[in-house]
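Heads up: the structure comes next, in structure tokens.
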Amino acid sequence: MAKSKNVPDNEKVAIVTGGARGIGLEICRELLDVGMAVTAVDISAENLEKAQAELACDKFATVALDVTDSEGFEKLVSDVVEKHGRVDVMVNNAGITRDNIVIMMSDEDWDLVLKVNLKSAFIGTREAGKVMMRQRCGSIINMSSYSGLEGNRGQGNYAASKAGMIGMSKSAAKELAKRNVRVNCICPGFIKTEMTDAISQEAKDIALTMIPMQKMGNPSNIAKGVAFLACDASEYITGQTLSIDGGMHM
């Protein structure tokens, strides 16, 4: 079974959901750079193959999984423990959008976003938390959003899922703290990804007026925040929500 004490950052074992592209892939890269063994989880086998080719090293593994599948997630965590002896870092990053104004939003789009974004983070927190409690150490990082703090037009389902994640994370932080297991959230702001690349220039210009630093962030900004919360430098931080957004939520 896993060690019952903290291990050096360069020996830690991490799982990252939604790890095949975008912010998730950059998180995997950053955690590998500090020496962790990383398992990237994603529903797309094709994207995982690309990630494996890009980050190829003996400390990087990939698993194709629907993160809303409780049994599959439980097996994932069990397999990582069997391979490495422990799980030190759980990054619940997987998420989707199905945007529409509330009065036009379908039940299906509401349910799907809440399931993929919030339920998967709950499952990941639960399954990794069980292992970390036995280890008496670990860091769980849930990827919320600026939308979860402020709401956003056309994103009632997304904002609800991300706000719910913050509440769930604070509750879990209080429950797990006595076993030296930390639970925190990160709230990215306007970050340059494939998703934001598809937004019109007019919409980007409007968004930039809301950012005191007057520029978009990049996935590396988020990944470095994750690495901080994953490492021992943040060993006395739990139940917190870290906004990485150029000052949007100020």
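Coordinate-derived values only; no laboratory data. Everything numeric in this text was worked out from a predicted model, so none of it was measured. Counting neighbours? That spans all protein chains shown, and the Cβs are built from the backbone with ideal geometry, glycine included.
Around the Cα centre of the chain, unit charges on the Cβ atoms of Lys, Arg, Asp and Glu (plus for the first two, minus for the last two) sum to a dipole of about 1060 debye.
Assuming R0 = 30 Å, what is the FRET efficiency of I237 and L114, from their Cβ-Cβ distance, to the nearest 0.05? All intermediate terms of the calculation are to be shown ahead of the outcome.
On the way: r = 27 Å, r/R0 = 0.92.
Working from the Cβ atoms, E equals 0.65.
Paramagnetic label reach from N100 (point 7 Å along Cα→Cβ; backbone nitrogen cut-off under 17 Å): within segment 161-191, residues 161.
Angle, helix 70-84 long axis vs. longest principal axis of the chain, Cα atoms, 0 to 90°, nearest 10? Result, in degrees: 50. The distance separating the Cα centre of segment 201-250 from that of segment 11-60 comes to 20 Å. Taken about its Cα centre, segment 149-192 carries a charge dipole of roughly 160 debye when the Cβ of each Lys and Arg holds +1 and the Cβ of each Asp and Glu holds -1.
Sorting 101-112, 173-184, 10-21 by their mean Cβ neighbour count within 10 Å, with the most densely packed peptide first, gives 10-21, 173-184, 101-112.
Using only the Cα atoms, what convex hull volume per residue in Å³ does segment 107-178 have? Taking the convex hull of the Cα positions in segment 107-178, it is 71 Å³ per residue. What lysines does K115 reach when the alpha-carbon gap must be under 20 Å and sequence neighbours fewer than 8 apart in one chain are set aside? Within the straight-line cut-off, K115 pairs with K75, K162, K170.
Rg then Dmax, both in Å and based on the Cα atoms of segment 123-250: 15.8, 51. Restricting the calculation to Cα atoms, segment 9-243 yields a radius of gyration followed by a Dmax of 16.9, 51 Å. Between the helical axis of 156-176 and the longest alpha-carbon principal axis of the chain there is an angle of about 30 degrees. Of interest is the spacing of the C-alpha centroids, which for segment 155-176 and segment 76-94 amounts to 21 Å.
Tell me which of M210, A172, S144 sits at the most positive position along the dipole axis of the chain, charges placed on C-beta atoms (Lys, Arg +1; Asp, Glu -1). It is A172, whose Cα lies furthest towards the positive end.
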